[in-house]
1. Which condition from (1) at pLDDT 95 or above; (2) in a loop (DSSP other than H, G, I, E, B) is the one that P104 breaks?
2. I need the full set of residues from region 167-192 which are open to solvent by 10 Å² or more (accessible area, probe 1.4 Å) and assigned to a helix (DSSP H, G or I), in order please.
3. So which residues in region 254-294 are under 27 Å from the mean Cα position of the chain (by Cα), farther than 21 Å from F315 by Cα and of a type outside the set (A, V, I, L, M, F, W, C)?
4. Regarding region 446-465, can at least one residue be identified that is on the phi > 0 side of the Ramachandran plot and of a type outside the set (K, R)?
5. List the number of the failed condition for S246; all other conditions in (1) open to solvent by 10 Å² or more (accessible area, probe 1.4 Å); (2) hydroxyl-bearing (S, T, Y); (3) more than 18 Å from G175 (Cβ to Cβ) hold.
6. Could you please find all residues in region 109-162 being surrounded by 20 or more Cβ atoms within 10 Å (Cβ to Cβ), of a type in the set (S, T, N, Q) and closer than 13 Å to P243 by Cβ?
7. Please verify whether L241 is out of contact with any Asp or Glu (no Cβ under 7 Å at 6 or more places or on another chain), closer than 16 Å to G123 by Cβ and crowded, with 20+ Cβ neighbours inside 10 Å, treating the condition exactly as stated.
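The values are calculated or read from the model by the stated rules, or taken from the named source; none is laboratory data. Everything numeric here is computed off the predicted structure, so don't read it as measured data. In this analysis, Cβ positions are derived from the backbone assuming ideal geometry, glycine residues included, and neighbour counts consider all displayed protein chains. Surface accessibility is based on the protein's heavy atoms, side chains included, excluding ligands, DNA and RNA. Shrake-Rupley method; radii C 1.70, N 1.55, O 1.52, S 1.80 Å.
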Amino acid sequence: MQLRMFAQTAGKTHKGADGGAESSGLPSATNAGTKRADKKRKALPALVMEEIADVGNLRMAFQEVAANKGAPGPDKQSIDEVRRYLWKLLPQLSRALVGGEYRPGEVRRVWIPKPGGGKRGLGIPNVVDRLVQQATLRIMQPHFDPSFDNSSHGFRPGRSCHTAIAEAKQYVEEGHGWVVDIDLEKFFDTVNHQRLQAVLERKIKDRRIIELIKRMLKARTVMPDGVIVRNEEGTPQGGPLSPLLSNIVLDELDAQLRQRGHKFVRYADDCNIYVRSEKAGQRVLESISRFIERRMRLKVNRNKSAVARPAERHFLGFRLEDDIERGVVEIRLSERSKERILTRMKELIPRNLGSSLRECIKRLNTYLNGWMGFFRICTQAEEDLFERLDGHIRRRLRALILKQWKRKRTIARRLIRMGVKPKAAWNSIYKGRRALWKLSHIPAVERALNNAYFRQISLVSLRSRWLATRPSTCAQMAFAFG
């Protein structure tokens, strides 16, 4: 049964209803904790297709897919369109999964720019296929996640980029002042299906689940130019199941690193190994690269992989700087993160604004709140940077406001109305030929459009947000890792 035909037929039948050898990298990674995890894994029942195909599980999976608000796949069916016939779709889908009749549809390939240059390919499955992947993830994750290494942080419950950085910071504090930064080249596109299947078969005895995952992996891809290609390797990014499968594949790397006694942190395909000397780092880089390429059949990007000080490497948007004089390790923004926010400010505060200032501030605040929500774990060393970023944002807004006021005469009158002395306003605006960017930085304009003005129009301050969240952030990191 082709899924596209299956979904469309179900949709047409109803139009209305809603429907150095050390055992662990973290203090919490004790032998007792490992034994408890083993008992938990043994207590779980065997994985069977009936669990995945349960209508209640499918309904919860759809709610989670809908919450992500993803785009339609190749069949062009939106989440709302699927929701309208969900009551009829779920029982049919359940029977198709149990009977082995379900066939995934095609996957739409899109390209998005990578921060470091180049493009990353994302696969967008149909909504019904994402539903099935999410339902599979809900059942598989409790079986696989407890066996993953404590130093694996990507796409796992209770873990995040922040927990990864906290662990890395701990290693640098312990004296591991060099990092082996390993970059896997096109990891998600080069995963070997046979090796992945072999790992899955160790825990999954129900052949229907193995066959289901194989079909998902081999679903044909519709390229942007309309060409359809077959997939013989890789776990395309974009589907809900892909992160779990990537962790299953890379768990072999984690086990090897743990067996060799390395201090490491991994988030998806970003892996950092912390050592005490550059020479040791070079040995580790060569040895682990051979293991990855010969044993795991993946490729290491030799141009991007390196041995360096943690302060010189970009890891999840951060860099770790060891302040020897103060005896602390600072969590700072990487250079790439700084460049990215400055580029984003140009996009959010363009010279030619096609909407009102209020709408501009609203979009800007949404981005700044999310940005600081992620980078709030930066330490004291970045307070000045946040203040400079605030000043840069205010200056861009001043230039935008001056452009909206248009004529110099109007600008001078507005400044006077906002409390600037007339002589200062007229002299400042008419003195020489100044571009708006230069005018935005003169004392008269800064006096009128001051910090209080921007607080009045509810502009988010990065420094203020950081100061407000910093105590709770420090407490959370101390609780988790020390």
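1. (1)
2. So in region 167-192, the residues open to solvent by 10 Å² or more (accessible area, probe 1.4 Å) come out as 169-170, 173-178, 181, 183-186, 188-190, 192.
Across region 167-192, the qualifying residues are K169, Q170, E173, F188, D189, T190.
3. Across region 254-294, the qualifying residues are Q256, E293.
4. Applying the first criterion (on the phi > 0 side of the Ramachandran plot) to region 446-465 yields 458.
Those still in the list that are of a type outside the set (K, R) too: 458.
Checked region 446-465: at least one residue is on the phi > 0 side of the Ramachandran plot and of a type outside the set (K, R).
5. Failed condition: (1).
6. Answer for region 109-162, where residues must be surrounded by 20 or more Cβ atoms within 10 Å (Cβ to Cβ), of a type in the set (S, T, N, Q) and closer than 13 Å to P243 by Cβ: Q133, Q134, T136, S152.
7. Working: out of contact with any Asp or Glu (no Cβ under 7 Å at 6 or more places or on another chain): yes; closer than 16 Å to G123 by Cβ: yes; crowded, with 20+ Cβ neighbours inside 10 Å: yes.
Taking the combined requirement at face value, the residue satisfies it.
Condition check ((1) of a type outside the set (A, V, I, L, M); (2) assigned to a loop (DSSP other than H, G, I, E, B); (3) at pLDDT 85 or above; (4) surrounded by 14 or more Cβ atoms within 10 Å (Cβ to Cβ)) across all residues:
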{"position": "G20", "(1), (2), (3), (4)": "yes, yes, no, no"}
{"position": "S23", "(1), (2), (3), (4)": "yes, yes, no, no"}
{"position": "A29", "(1), (2), (3), (4)": "no, yes, no, yes"}
{"position": "A32", "(1), (2), (3), (4)": "no, no, no, no"}
{"position": "A61", "(1), (2), (3), (4)": "no, no, yes, yes"}
